[in-house]
Amino acid sequence: MTRELLPGEHAVLALLRTRAMYGYEMARYFEGEDLREVCPIEQGSLYTYLRNLEGRALVTWREEREGLRPPRKRFALTPVGEGLVEAWLREPVARLREVRFELLVKLYVLHTVDPGAEAALVRDQLRVCETYRERARERVARAGDGFSRLVAQSKLSAADATVDWLQGHLVTLSAPTARP
C-alpha cells in the first residue's frame with residue numbers, strides 16, 4: 001500500500017505548480033518570509049521530499065549546465081504530479097488543525113497561479129469549518145463538567161475563530177481592488 005503524501009511533500013508539489021525550479025530556489029521560498037511562517041522546510045527535508053516525489057513519478061528533473069559551473073537539477077511536475085496537486089489545491093482541508101499549514105500553503109499557491117480559485121477554496125473551507133463548529137457546539141452541549149467540557153469548549157473556540165477568520169478573508173478577496 002502506498003502511503004499518503006506528507007504535508008511537506010504536498011507543499012513541494014504546490015510550489016512546483018508555480019513553475020519549474022532548482023532545489024536551491026525552492027529552499028529560498030521555504031526560507032522566505034511568507035512560507036517560513038507556515039511551513040519551514042529545511043533544505044535536507046526538501047531534497048528528501050523531492051527524491052520521494054520522484055520515486056512516485058510526481059516530479060521529474062532535467063540536468064542543466066551553465067558554462068563551467070557544476071550541473072544543476074531543474075525540478076518540474078510530471079503530468080501525474082500536476083493532476084494530483086491541482087486536485088489537492090482545490091480541496092478544503094478535512095481537519096481544523098490543518099488550516100494553519102495545508103490551507104495556508106494552498107492559498108499561497110492559488111494566489112499566484114489561479115487567484116480566482118482562491119475565493120472558491122475559502123468558501124468551500126468555510127462550509128467545512130461551519131459543519132465542524134456545529135458538531136463542536138453539540139459536543140459542548142452534551143459534555144458534562146470537568147476536563148471533557150474544557151476540551152469541547154476549546155475545540156468550539158478554535159472553530160469559532162477559524163470561521164471568523166475565513167469569513168474576513170472572503171470579504172477581503174471579494175473587495176474590488178483589495179488583495180492580500
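The values are calculated or read from the model by the stated rules, or taken from the named source; none is laboratory data. Because the structure is a prediction, the values reported are computed rather than measured. All Cβ positions, glycine included, derive from the backbone under ideal geometry; neighbour counts span all protein chains shown.
For ALA87, the requirement of being out of contact with any strand residue (DSSP E or B) (no Cβ under 8 Å at 6 or more places or on another chain) and loosely packed, with under 14 Cβ neighbours inside 10 Å is met.
On the stretch given as segment 82-100, residues that are part of a helix (DSSP H, G or I), farther than 18 Å from LEU53 by Cβ and not aliphatic (A, V, I, L, M) total 4. From the list GLU31, GLU82, GLU37, the lone residue that is modelled with pLDDT under 95, outside the structural domain of ALA158 (by TED's automatic domain parsing), surrounded by 12 or more Cβ atoms within 10 Å (Cβ to Cβ) and more than 12 Å from GLU9 (Cβ to Cβ) is GLU31.
Candidates ALA119, ALA161: the one that is within 28 Å of TRP88 (Cβ to Cβ) and in contact with a Leu (Cβ under 8 Å, 6 or more places away or on another chain) is ALA119.
Residue by residue, here is whether (1) more than 25 Å from PRO40 (Cβ to Cβ); (2) assigned by TED's automatic domain parsing to the domain that holds LEU35; (3) surrounded by 15 or more Cβ atoms within 10 Å (Cβ to Cβ); (4) not polar (S, T, N, Q) holds:
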| site | (1), (2), (3), (4) |
| --- | --- |
| GLN125 | no, no, yes, no |
| GLU134 | yes, no, no, yes |
| ASP145 | yes, no, no, yes |
| ALA161 | no, no, no, yes |
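Taking segment 1-62 and the helices (runs of 4 or more DSSP H) fully enclosed by it, the elements with 3 or more residues that are among the small types (Gly, Ala, Ser) are at 7-18, 43-55. The set of residues in segment 108-132 being part of a helix (DSSP H, G or I) and free of Cβ contacts under 8 Å to residues at least 40 places away in the same chain consists of LEU110, GLY116, ALA117, ALA120, LEU121, ASP124, ARG127, VAL128, CYS129, GLU130, THR131, TYR132.
When GLY116 is tested against (1) within 14 Å of the chain's Cα centre (by Cα); (2) exposed (fewer than 14 other Cβ atoms within 10 Å of the Cβ), only condition (1) is not met. GLU54 meets each of the listed conditions (1) modelled with pLDDT of 95 or more; (2) surrounded by 14 or more Cβ atoms within 10 Å (Cβ to Cβ); (3) closer than 17 Å to VAL163 by Cα; (4) of a type in the set (Asp, Glu) apart from (3).
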